[in-house]
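**Student:** Right, I'll just put the structure down here and ask away after.
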Amino acid sequence: MDENDSQGRVTRGVGTPLHLEPSSNEILTEGTRMNLKRAAVLALAIPLITACSSAAPAAPSASTEGSAAPAGGEIVVGLITKTETNPFFVKMKEGAQAKATELGAKLLTGAGAKDGDNEGQVTAMENMINAGAKGILITPSDTKAIVPSIQKARAAGVVVIALDTATDPQDASDALFATDNFKAGLLIGEWAAKAMTGKTPVIATLDLAPGITVGAQRHNGFLQGMGLVSGIATDSTDLATSKEVVCAQDTHGDQTEGQTAMENCLSKNADINLVYTINEPAAFGAFTALKNAGKEKDVTIVSVDGGCQGVQGVVDGKIAATSQQYPLKMAEMGVEAIVKYAKEGVKPSGYTDTGVTLITDKAQDGVDSKDSAFGLANCWGNK
């Protein structure tokens, strides 16, 4: 059952809230709350869609001109994340809020109930359009299924910027601010290849889910960095494999699923000595399974995110190396671009690489990396 909380948000009886939240603590009108409430109920009745992808980064291109916003009036910016609980998206929201406050804009936020909830994101986007958003930032859960909603928004004059994960096709959105996910995988693969010198790698890959380009990019980049495959298209949604990969399991980037996946892999092959994980929650789940099996000191785990907890995992010896990305930067750049469009009529376009850095306390010759002290100082994009 849905209910309104003390901040005027429409929340679900179970799961993650699906709402629009004014960043300045303004209370939505009763009519808006009722619309949101009906939308949330409708979203609960629609089956969840669990496909998602990320196109490969295209070459950056210059901004194009658009029609400037009328003089006066409040600039409304929307942010739609995959979930509200993943630390990556929590930090993204914080970055967007801080930048919106700095620039005098109002931030509306929304999210699906979990990663893969396309209908929740569709509902949030429709509500933001109706609320007068000048631009919407989105981390798409289903990068194909969300395209019609993005087209509707753009037709209404709303700028749409994809963060972290590209739409499919990439040019369905006006612009993309994201990590080069293939490079993120490549870096941990290159590091692992050097770290495993003298050993025969017996690999488990704890992936995201089928058909998700961001997951395929990291996975394929890792195997290419290891030197086990080559010539892979960076926008492929197919997971490469090699004889060294003895187990591949989906985790949806979830810690509990990561633990289960690792347990399944150990039951298939007890000699696994190298684990690739799609993100750090999955890595921590894998570590728990390995520790329970008494194998945590015999297996190397590599991952992607470089969040504060993840880098602490490097310090603690749970994760050997991780590729750090910067969601705060993505969000801040996105809000800046929308405010600039609203004030000057200049549309953002093309792909902007927001950077990636390999974090490890076991540096390998020929592989560029930073230590955990740097990682902790810069986790999520903090300076």
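**Student:** Look at segment 131-166 and say how many of its residues are in a strand (DSSP E or B) and either modelled with pLDDT under 95 or among the aliphatic types (A, V, I, L, M) (or both).
**Tutor:** Counting residues in segment 131-166 that are in a strand (DSSP E or B) and either modelled with pLDDT under 95 or among the aliphatic types (A, V, I, L, M) (or both) gives 8.
**Student:** Quick check on this structure: which one of Thr256, Thr251 is among the hydroxyl-bearing types (Ser, Thr, Tyr), assigned by TED's automatic domain parsing to the domain that holds Thr197, surrounded by fewer than 17 Cβ atoms within 10 Å (Cβ to Cβ) and under 14 Å from Leu206 (Cα atoms)?
**Tutor:** That would be Thr256, the only listed residue that is among the hydroxyl-bearing types (Ser, Thr, Tyr), assigned by TED's automatic domain parsing to the domain that holds Thr197, surrounded by fewer than 17 Cβ atoms within 10 Å (Cβ to Cβ) and under 14 Å from Leu206 (Cα atoms).
**Student:** Scanning for something free of Cβ contacts under 8 Å to residues at least 60 places away in the same chain, buried (at least 24 other Cβ atoms within 10 Å of the Cβ) and either of a type in the set (Val, Ile, Thr) or more than 30 Å from Lys343 (Cβ to Cβ) (or both), does segment 169-182 turn up at least one residue?
**Tutor:** Within segment 169-182 (the criterion being free of Cβ contacts under 8 Å to residues at least 60 places away in the same chain, buried (at least 24 other Cβ atoms within 10 Å of the Cβ) and either of a type in the set (Val, Ile, Thr) or more than 30 Å from Lys343 (Cβ to Cβ) (or both)), the answer is no, since none of the residues qualifies.
**Student:** Given the criterion among the small types (Gly, Ala, Ser) and either surrounded by fewer than 22 Cβ atoms within 10 Å (Cβ to Cβ) or touching a helix residue (DSSP H, G or I) at 6+ places or on another chain (Cβ under 6 Å) (or both), identify the matching residue among Gly317, Gly334.
**Tutor:** After applying the criteria, what remains is Gly317.
**Student:** Report yes if Gly185 is touching a helix residue (DSSP H, G or I) at 6+ places or on another chain (Cβ under 6 Å), crowded, with 24+ Cβ neighbours inside 10 Å and in the same structural domain as Phe287 (by TED's automatic domain parsing), otherwise no.
**Tutor:** Yes; evaluated as a whole, the condition is true for this residue.
**Student:** Just to check your reading of the model, which residue among Lys134, Lys106, Lys152 is closer than 29 Å to His252 by Cβ, outside the structural domain of Asp305 (by TED's automatic domain parsing) and among the basic types (Lys, Arg)?
**Tutor:** Only one candidate qualifies: Lys152.
**Student:** Still on this model: Criterion first (assigned to a helix (DSSP H, G or I) and touching a Lys or Arg at 6+ places or on another chain (Cβ under 7 Å)) does Gly221 satisfy it? First the steps, then the outcome.
**Tutor:** Values: assigned to a helix (DSSP H, G or I): yes; touching a Lys or Arg at 6+ places or on another chain (Cβ under 7 Å): yes.
Yes: the conditions hold for Gly221.
**Student:** Which of the following residues is outside the structural domain of Gln97 (by TED's automatic domain parsing) and among the basic types (Lys, Arg): Lys318, Lys343? Full working, then the answer.
**Tutor:** Working: Lys343 fails: outside the structural domain of Gln97 (by TED's automatic domain parsing).
Checking each option against the conditions leaves just Lys318.
**Student:** While we're on this one: With the requirement that a residue be more than 13 Å from Ile161 (Cα to Cα) and either buried (at least 24 other Cβ atoms within 10 Å of the Cβ) or not hydrophobic (A, V, I, L, M, F, W, C) (or both), what does segment 123-148 give you?
**Tutor:** Answer for segment 123-148, where residues must be more than 13 Å from Ile161 (Cα to Cα) and either buried (at least 24 other Cβ atoms within 10 Å of the Cβ) or not hydrophobic (A, V, I, L, M, F, W, C) (or both): Thr123, Ala124, Glu126, Asn127, Met128, Asn130, Gly132, Ser141, Asp142, Lys144, Pro148.
**Student:** Out of curiosity, is Ser236 over 21 Å from Ala320 (Cβ atoms) and in the same structural domain as Thr300 (by TED's automatic domain parsing)?
**Tutor:** For Ser236, the condition - over 21 Å from Ala320 (Cβ atoms) and in the same structural domain as Thr300 (by TED's automatic domain parsing) - is met.
**Student:** Can we say Leu290 is more than 20 Å from Met196 (Cα to Cα) and of a type in the set (A, V, I, L, M)?
**Tutor:** Numbers: more than 20 Å from Met196 (Cα to Cα): no; of a type in the set (A, V, I, L, M): yes.
Taking the combined requirement at face value, the residue does not satisfy it.
**Student:** May I ask you to list pairs of residues, at least six apart or on different chains, whose Cβ atoms are under 7 Å apart, with the first in segment 207-232 being more than 19 Å from Ala178 (Cα to Cα) and of a type in the set (Ser, Thr, Tyr) and the second being at pLDDT 95 or above and in a helix (DSSP H, G or I)?
**Tutor:** That search, which allows pairs on different chains as well, returns Ser230/Gln224.
**Student:** Condition first: of a type outside the set (S, T, N, Q), over 11 Å from the mean Cα position of the chain (by Cα), surrounded by fewer than 24 Cβ atoms within 10 Å (Cβ to Cβ) and assigned to a loop (DSSP other than H, G, I, E, B). Can you find one or more residues in segment 80-95 that meet it?
**Tutor:** Yes - at least one qualifying residue is present in segment 80-95.
**Student:** Something else about it: Would a scan of segment 199-212 turn up a residue that is out of contact with any Asp or Glu (no Cβ under 9 Å at 6 or more places or on another chain), among the β-branched types (Val, Ile, Thr) and surrounded by fewer than 24 Cβ atoms within 10 Å (Cβ to Cβ)?
**Tutor:** The answer is no; no qualifying residue exists.
**Student:** Now for a different question. Please go through segment 329-383 and give me each residue that is hydrophobic (A, V, I, L, M, F, W, C), modelled with pLDDT of 95 or more and within 19 Å of the chain's Cα centre (by Cα), ordered by number.
**Tutor:** Answer for segment 329-383, where residues must be hydrophobic (A, V, I, L, M, F, W, C), modelled with pLDDT of 95 or more and within 19 Å of the chain's Cα centre (by Cα): Met330, Ala331, Met333, Val335, Val356, Leu358, Ile359, Cys379.
**Student:** Do we have Ala113 as part of a loop (DSSP other than H, G, I, E, B), touching a residue at least 24 places away in the same chain (Cβ under 8 Å) and of a type in the set (A, V, I, L, M, F, W, C) here?
**Tutor:** Spelling it out, Ala113 is indeed part of a loop (DSSP other than H, G, I, E, B), touching a residue at least 24 places away in the same chain (Cβ under 8 Å) and of a type in the set (A, V, I, L, M, F, W, C).
**Student:** I've got another one for you. Any residue that is at negative phi and assigned to a helix (DSSP H, G or I) - is there at least one of those in segment 202-211?
**Tutor:** no
**Student:** A further question follows. Of all the helices (runs of 4 or more DSSP H) wholly in segment 273-370, which have at least 2 residues that are in contact with a Gly (Cβ under 6 Å, 6 or more places away or on another chain) and either among the aliphatic types (A, V, I, L, M) or without any contact (Cβ under 8 Å) to a residue 12 or more places away in the chain (or both)? First the steps, then the outcome.
**Tutor:** On the way: elements: 280-292, 308-315, 327-344.
Because the criterion is at least 2 residues that are in contact with a Gly (Cβ under 6 Å, 6 or more places away or on another chain) and either among the aliphatic types (A, V, I, L, M) or without any contact (Cβ under 8 Å) to a residue 12 or more places away in the chain (or both), the helices (runs of 4 or more DSSP H) in segment 273-370 that meet it are 280-292, 327-344.
The values are calculated or read from the model by the stated rules, or taken from the named source; none is laboratory data. Since we're looking at a predicted model, the values are computed, not measured. Positions of Cβ are backbone-derived with ideal geometry, glycine not excepted, and every protein chain shown enters the neighbour counts.
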